[in-house]
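Nothing in this text is a laboratory measurement; each read-out follows from the coordinates by a stated rule. From a predicted model like this one, the values you see are computed outputs, not experimental measurements. Ideal geometry is used to build each Cβ from the backbone, glycine not excepted, and the neighbour counts take in all protein chains shown.
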Amino acid sequence: MLNHEINRTFKHRLLTGGPVLMPGAANALAARIIEDQGFEAVYLSGAGLTNTYLGMPDLGFVNLTEIAQHTSTIRDATELPIVVDADNGFGNALNVRHTIRTLERAGASAVQLEDQKTPKRCGHFSGKEVVPLDEARSRIRAAVDARQDENMLIVARTDARATDGYNEALDRAAAFVEDGADITFVEAPQSVEELRGIPAALKDTPQLVNLVVGGRTPILDASELGEMGFSLILYANVALQAAVHGMQKALGQLRENGRMDEDGPVASFLERQRMVRKDLFDELEQRYAV
């Protein structure tokens with residue numbers, strides 16, 4: 001399926017259907033597993049990419065080239081819509097324009113931009129700072145103008161809840177809607193009451209909620225969040241945290257026992273080949289054999 005068709009279908013789904021439960025992927029294999037499990041969209045997590053690709057915390061270490069490369073790789077691995085975390089756009093409005101053009105070409109169905117200062121931090125870390133509202137709004141206006149496909153969505157995130165309070169975060173999200181954002185994302189609300197108030201205050205625009213296992217936002221059922229009015233329910237790093245846990249368990253057993261077979265806490269050899277579509281490449285090899 002062509003990317004503009006994926007984008008059009010995803011936009012229609014968000015505007016007309018119920019909430020979309022969206023896991024994050026840090027690489028193409030995780031995206032393949034997410035698609036295989038029946039999810040409708042995948043999120044390229046900046047935190048997950050930084051943790052996996054660099055082995056470092058989410059403190060602004062990945063750059064646009066690296067994010068674009070991974071977006072392109074994931075697009076080649078799945079036909080799911082890809083929501084790409086582009087941090088704060090890597091500079092001013094002109095940099096944001098370049099970021100949007102680059103990620104759209106790479107296969108993004110939506111690009112998320114935030115209002116943090118550089119270097120940015122994970123939304124559930126302490127010590128965040130946000131730029132002045134005028135600067136944040138200029139980023140969103142530049143992003144909206146830069147896209148080539150009107151169905152490629154702009155997700156406007158604010159981290160102002162942590163720095164300036166809940167009401168300021170809602171005001172910023174409303175301003176981003178005025179600037180053309182398709183989806184708004186108030187990061188790290190800290191109570192059920194705050195969660196409920198976000199779609200109530202911004203009811204004419206789809207809302208994204210980010211549920212971080214171990215983070216600051218209360219964990220609620222997807223059905224309850226959908227009833228509140230959220231359109232995208234994001235678990236950005238469940239797959240990554242599960243992978244860390246699984247590797248620790250399997251490698252701990254290997255170290256302790258000195259051996260590992262398919263009765264251990266591992267996917268089978270055949271399952272691993274299925275997930276990377278080995279049968280497809282076997283078929284292609286036969287088709288092009290001389």
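The angle between the Cα long axis of helix 238-257 and the longest principal axis of the Cα atoms of the chain comes to about 30 degrees, rounded to the nearest 10.
Using only the Cα atoms of region 1-157, build the gyration tensor, take square roots of its eigenvalues as a ≥ b ≥ c, and label the shape rounded, prolate or oblate: rounded if a/c is under 1.5, else prolate if a/b is larger than b/c, else oblate. Because a/c hits 1.5 or more and a/b fails to exceed b/c, region 1-157 counts as oblate.
Note down the relative contact order for region 3-243 as a percent, whole number, built from C-alpha pairs under 8 angstrom at least six residues apart. Let's see the in-between values first.
On the way: 496 pairs, mean separation 51.3, N = 241.
This gives 21 percent for region 3-243.
Give me the log10 of I(q) over I(0) for the chain at q = 0.09, 0.10, 0.12 Å⁻¹, as the Debye formula computes it from C-alpha points; what are the numbers? So the normalised log intensities are -0.44, -0.54, -0.76.
Around T73, what is the net charge, scoring Lys/Arg as +1 and Asp/Glu as -1 over all other residues with Cβ under 12 Å from its Cβ? Don't skip to the answer; put the middle values down first.
Values: positive: R32, R75; negative: E66, D76.
Here the count lands on 0.
Apply the a/c threshold of 1.5 to the C-alpha gyration tensor of region 173-257 and tell me whether it is rounded, prolate or oblate. In terms of gyration-tensor shape, prolate. For region 1-54, state which GluC sites (Glu not before Pro) are in a DSSP loop and have at most 13 other beta carbons lying within 10 Å of their beta carbon. For GluC sites (Glu not before Pro) across region 1-54 that sit outside H, G, I, E and B with at most 13 neighbouring Cβ atoms in 10 Å, the list is empty.
Taking only the C-alpha atoms of region 1-74, the Rg (one decimal) and the largest Cα-Cα distance, Dmax (whole number), read 13.6, 39 Å.
The Cα center of region 176-202 and the Cα center of region 18-49 differ in position by 22 Å. Can you give me the Cα centroid spacing of region 58-81 and region 209-241 in angstrom? If you average the Cα positions of each part, the centres end up 22 Å apart. The residues packed around A289, meaning those with a beta-carbon under 12 Å from its beta-carbon, carry a net charge of -2 if Lys and Arg are +1 and Asp and Glu are -1. Diffusion of region 118-224 by Stokes-Einstein, at 20 °C in a medium of 1.002 mPa s and with Rh set to the Kirkwood radius over alpha-carbon pairs, works out to 149 µm²/s.
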